[in-house]
Amino acid sequence: MNKEFNVAIAGATGAVGIEMIQTLERRNFPVKNLRLLASARSVGKKLSYKGVEITVEELTHDSFKGVDIALFSAGGDISKEYAKSVVDAGAVMIDNSSAFRMDDSVPLVIPEVNPEDIKLHQGIIANPNCTTIIMLVAVNPLHKAKKLKRLVAATYQATSGAGAKGMDELLVQTRQALDEKPIEPKFFAHRIAFNLIPHIDAFNANGYTKEELKMVNESRKMLHCPELKISCTCVRVPILRAHSEALNMEFAEDVSVEEVRAILRNAPGVTLVDDIANKSYPMPLDATDQGNVLVGRIRQDISRDDRKGIDMFISGDQILKGAALNAVQIAELI
Ligand code: A2P
C-alpha cells in the first residue's frame with residue numbers, strides 16, 4: 001500500500017498557502033489528513049480541498065502532533081518561532097521564508113536543480129527565494145553543459161511577491177489612479193500602479209537590496225559554486241503574479257544560440273518560447289498558472305568579442321514555481 005502523509009500548511013490563508021492547497025490537490029499528493037493553520041484572525045474560515053471544506057485552525061506550538069510534513073508560508077518570524085515545535089513533533093518543515101535558507105544545516109532545494117541535497121536535512125528544508133528558483137530552473141541546465149562564470153540579472157517582479165496584500169495594493173491603486181483619486185501607498189514604499197519600484201526588501205550597506213543578495217547567495221549555495229560571480233537589480237513592477245528576468249550570462253566554454261535552445265528544449269521545468277518571427281517570447285501573463293518557467297529571446301551577447309556570452313528573457317509564476325509548487329515538489333522528494 002502506498003504511504004499517505006499528514007500534512008499541515010501554516011499560512012494557509014495567504015496567497016502562497018492557498019496555492020499550496022491547490023497544488024497538493026492538482027498533483028494528487030498522498031494526503032491522509034490536511035490541517036490548515038493561520039492567525040487567530042482566520043479561525044473558523046473554511047477552505048476547500050478536493051471538494052471538502054476544511055476549517056482553518058489557529059497556528060500554535062501544539063499544531064504539529066501527528067503531522068508528517070509542515071509547509072510554512074507565514075513569514076520568517078513565524079517560521080523561526082515554530083521550527084522547534086515542528087521538528088520536536090517529528091515532522092519535516094518545508095519553509096518558504098528566508099529564515100533558514102543560508103543555514104549550513106538546512107538544505108535549500110529546487111527539485112530540478114539539486115534534489116540530492118535534500119538527503120542532508122535534519123528536520124528543516126528551505127524553499128528558495130522565488131526569483132532565484134525561476135532563474136536557476138532556466139540557468140542550471142546551461143551551467144551543467146557550459147559552466148557558468150558570471151551572470152547579470154535585471155528582474156521585473158510581480159506584486160504577489162509581497163503576498164496577497166501586495167496584489168490587493170496594485171488592484172486598489174490602479175482603480176484609484178483611473179478614478180483620479182488620491183493614492184496612499186500602504187504596503188510598498190511608493191505607489192506601484194503605473195510605476196516601477198527598484199527596491200525589494202531592505203537595503204544593505206553595499207547599496208544592494210537583500211532580495212538581490214538572496215539571488216547571489218542562494219544561487220551559489222544551490223549550484224555549489226561559492227565563487228560564482230552574480231550581480232542583480234531587482235525591480236517591483238505593476239504585474240499580479242508572474243516574475244520576469246533579463247539574464248546576461250558568461251560561460252567558460254563557447255556556446256551558440258542553437259545549443260542553448262537544444263539544451264533548454266529538453267530541460268525539466270522549462271518551456272522554450274522563442275520564435276520572434278511569430279512574436280513569441282516569455283511574458284508574465286502567459287507564465288501565470290504555469291508550472292514551467294518560460295524561456296526565450298535567446299541571443300548571442302553582441303558586446304563580447306568571443307562566443308561565450310548569452311542573453312535571454314524568462315518568466316515564471318511566482319506563487320506556483322516560485323513558491324507553492326516548488327515546496328510541494330520538495331514534499332514529493334521526501
Ligand atoms: P491570516 O490570513 O490569518 O493573517 P500573505 O503573505 O499572502 O499575506 O499571507 C500570510 C499568511 O501568514 C496568512 O495565511 C496569514 O494568516 C499567516 N499569518 C500571518 N501572521 C500570522 C501569525 N501571527 N500566526 C499565524 N499565521 C500568520
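Relative to the longest principal axis of the chain, what angle (0 to 90°, nearest 10) does the C-alpha long axis of helix 164-178 take?
It is inclined by approximately 60 degrees.
Taking N as the number of residues in region 1-159, what is its Cα Rg relative to 2.2 N^0.38 Å? Walk me through the numbers on the way to the answer.
Working: Rg = 16.8 Å, N = 159, 2.2 N^0.38 = 15.1 Å.
Normalised Cα radius of gyration, region 1-159: 1.11.
Relative contact order, percent, of region 100-233 when contacts are C-alpha pairs under 8 Å separated by at least 6 residues?
Numbers: 151 pairs, mean separation 37.0, N = 134.
It rounds to 28 percent for region 100-233.
Can you tell me the mean projection area, over all orientations, of the convex hull of region 132-318's alpha carbons? Units nm², please. Spell out each step's value before the answer.
Numbers: hull surface 47.5 nm².
That works out to 11.9 nm², a quarter of the Cα hull's surface.
If the chain between residue 147 and residue 186 were fully stretched, how many nm would it gain, using 0.36 nm times the residue separation less the Cα-Cα distance?
Details: separation 39, 0.36 × 39 = 14.04 nm, distance 4.32 nm.
Stretched fully, the residue 147-residue 186 segment lengthens by 9.7 nm.
Quick one: among 124, 54, 239, which has the greatest mean-square fluctuation in a GNM of the chain with alpha-carbon springs under 10 angstrom?
Looking only at 124, 54, 239, the biggest GNM fluctuation is shown by 54.
Would you mind pulling out the separation of the Cα centroids of region 141-203 and region 269-334, in Å?
18
Enumerate the lysines that residue 186 could reach by cross-link, defined here as Cα to Cα under 21 Å, with residues fewer than 8 away along the same chain left out.
Hits, sequence-local ones excluded: 165, 210.
List the lysines whose Cα sits under 16 Å from the Cα of residue 84, skipping any in the same chain fewer than 8 residues away.
Qualifying lysines at Cα under 16 Å: 65.
Suppose only helical runs count, i.e. DSSP H with n ≥ 4. What mean residue ellipticity at 222 nm does that imply for the chain under -39500 (n - 2.57) per run, divided by all residues and rounded to the nearest 500 deg cm²/dmol?
On the way: 8 runs with 93 residues, N = 334.
So the calculated ellipticity at 222 nm is -8500 deg cm²/dmol.
Taking the Cα atoms of the chain, what is the range of coordinates along each of the three principal axes, in descending order and whole Å?
62, 56, 43
Rule-based calculations on the coordinates, nothing more; no lab input. Note that the coordinates shown come from a computational prediction; the quantities given were computed from them, not determined experimentally.
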